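To start, the structure under review is shown below, and the notes come after it.
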Amino acid sequence: MTDLRLADPGHEGSWLNDPVHRRYLRADAERQVRFFALSLRGDGGFDALDHDAQPLLRQGQELHTTTRLVHSFALASAAGFGGTEEIVDAGMRYLWTVHRDPMHGGYLWSVDENGVHDGSKLAYGHVFVLLAASSAALIGHPLAQTLMEDILTVLDTRFSDEGRALFQDEFTRDWQVFSDYRGMNANMHGTEALLAAYEATGDRRHLDRAGDILDFFTRSMAGEYGNRIPEHYTSDWEVDPDYSGNPMFRPAGTTPGHSLEFARLMLHHWDLAGRPEGDTVGRARALVTQALSDAWREDGGLVYTLNAAGGVAIPDRYWWPVTEGIGALASLLKISADAKLEAWYRRLWKFAHGALIDRERGGWYPELGEDGRPVSRQFIGKPDIYHALQADLLPLAPGLSRSIEGLRDTRGA
């Protein structure tokens, strides 16, 4: 199934409701699930895969890899794809028996066949443990409750920034402070995890904390910085304009893809909160509109980062901002039809279809060169199913939240 409605660019109506487009989304999701199922090893761990689904040389299994596979395959299980339970089960057991640190508590950033590869305790990885546990709980995994109780305790006692809803970022294995860095990224994914935890437990504290984090970044920061959200902060949560870390994971400036991701999470929270009156939808649309305007390249795709003035800093094109644009636009279009947003939704899917999706083997190419062809500079192989699978499955779910529940209702549709 390769018909994305590319042969009919004038097709009227929403692609979200179009049977051909929906079959396309399920077909791509199924290819992804088949591809990444091959990452499971005999010892219950996961290998990173090259473009042909062959294992790459092992360099430690990172916490966010394990957790995002669990979450993604829980979504796929809800959508009715076969063979998903084995990945979820293996990932949950690996989190509990290998990543979990029995000596100091918390979860090790990276592990290998010899044990600890990198013992750092990072908020970014820990919030994904909560996401994995919550998603696993929603499909009834027996370890989910135990894992959820443990990770919530760790997040509350180790990563909560005193007097704030926000999460601190990083510690040594034995919980010594080694930097005063504060970051948006861990808190954004913390919001995602808290929303999933609320869906799994009904505990209002998770929803309220997610709302407080959202208010800080998408109201205060975005409001002050022209609908762009700074990435890096001091220990007092003041913007650190001079910070520049790892160019992939902590680049300077702002990242349009994160604005798109935050917009979707705002609408997710708004829906769970009962769609209260206010400006949430308008602010989410403003984030999306600004990010797409800033980042879209004339030759297709979205640039990675912007400088403080809003100009392009890193023009490289990666897959995940495109997927997050798709998710944010799908959420807005579920609220109300809009010709401009519909045009953007189609534009991003056409670009993904033509440049990013491997329709033969499955998975998305993570990185493109200036000639529009896949390259391996920052990413080797196909490192992740999480972003691209959500681009397929979240538009299929009928609502803005409770996607696992909603995907169950789409089976066979």
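The values are calculated or read from the model by the stated rules, or taken from the named source; none is laboratory data. As the structure is a prediction and not an experimental result, all values here were calculated from the model. Cβ placement follows ideal geometry from the backbone for every residue including glycine, while neighbour counts extend to all protein chains displayed. Remember, those area values only see protein heavy atoms, side chains included, never the ligands or the DNA or RNA. Shrake-Rupley method; radii C 1.70, N 1.55, O 1.52, S 1.80 Å.
Between M92, M103, M148, which is assigned to a loop (DSSP other than H, G, I, E, B) and on the phi < 0 side of the Ramachandran plot? Please lay out each step first, then the result.
Numbers: M92 fails: assigned to a loop (DSSP other than H, G, I, E, B); M148 fails: assigned to a loop (DSSP other than H, G, I, E, B).
On inspection, the qualifying residue turns out to be M103.
Does any residue in the stretch 325-351 that is in a loop (DSSP other than H, G, I, E, B) come within less than 8 Å, Cβ to Cβ, of a residue that is not hydroxyl-bearing (S, T, Y) six or more places away or on a different chain, and which pairs are these?
Here the result reads D338/L332, each pair linking the stretch 325-351 to a residue that is not hydroxyl-bearing (S, T, Y).
Given the residues S244, S235, S259, which is the only one that is of a type in the set (S, T, Y) and surrounded by 20 or more Cβ atoms within 10 Å (Cβ to Cβ)?
Numbers: S244 fails: surrounded by 20 or more Cβ atoms within 10 Å (Cβ to Cβ); S235 fails: surrounded by 20 or more Cβ atoms within 10 Å (Cβ to Cβ).
That would be S259, the only listed residue that is of a type in the set (S, T, Y) and surrounded by 20 or more Cβ atoms within 10 Å (Cβ to Cβ).
I'd like the full set of residues that are in a helix (DSSP H, G or I) and in contact with a Phe, Trp or Tyr (Cβ under 7 Å, 6 or more places away or on another chain), limited to the stretch 244-265.
G257, F262
Could we say that G274 is open to solvent by 20 Å² or more (accessible area, probe 1.4 Å), assigned to a helix (DSSP H, G or I), out of contact with any Phe, Trp or Tyr (no Cβ under 9 Å at 6 or more places or on another chain) and free of Cβ contacts under 8 Å to residues at least 60 places away in the same chain here? Working first, answer last.
On the way: open to solvent by 20 Å² or more (accessible area, probe 1.4 Å): yes; assigned to a helix (DSSP H, G or I): no; out of contact with any Phe, Trp or Tyr (no Cβ under 9 Å at 6 or more places or on another chain): yes; free of Cβ contacts under 8 Å to residues at least 60 places away in the same chain: yes.
So G274 fails the test.
Sort out which residues of the stretch 188-231 are of a type in the set (K, R), buried (at least 20 other Cβ atoms within 10 Å of the Cβ) and not in a loop (DSSP other than H, G, I, E, B), and write them in order of number. Step through it out loud before you land on a result.
Within the stretch 188-231, the subset of a type in the set (K, R) is 204-205, 209, 219, 228.
Narrowing further to those that are buried (at least 20 other Cβ atoms within 10 Å of the Cβ): 209, 228.
Hit for the stretch 188-231 is R209, nothing else.
Among the numbered criteria (1) within 24 Å of L389 (Cα to Cα); (2) touching a strand residue (DSSP E or B) at 6+ places or on another chain (Cβ under 9 Å); (3) surrounded by fewer than 21 Cβ atoms within 10 Å (Cβ to Cβ), which one does K350 miss?
Every condition holds for K350 apart from (2).
Consider R347 carefully, then state whether it is within 21 Å of the chain's Cα centre (by Cα), of a type in the set (D, E, K, R), closer than 29 Å to T280 by Cα and modelled with pLDDT of 95 or more. Full working, then the answer.
Details: within 21 Å of the chain's Cα centre (by Cα): yes; of a type in the set (D, E, K, R): yes; closer than 29 Å to T280 by Cα: yes; modelled with pLDDT of 95 or more: yes.
Taking the combined requirement at face value, the residue satisfies it.
Hey, among the residues in the stretch 364-413 that are acidic (D, E) and in a loop (DSSP other than H, G, I, E, B), which one's farthest from the chain's Cα centre (by Cα)?
Only one residue tops the list, namely D371.
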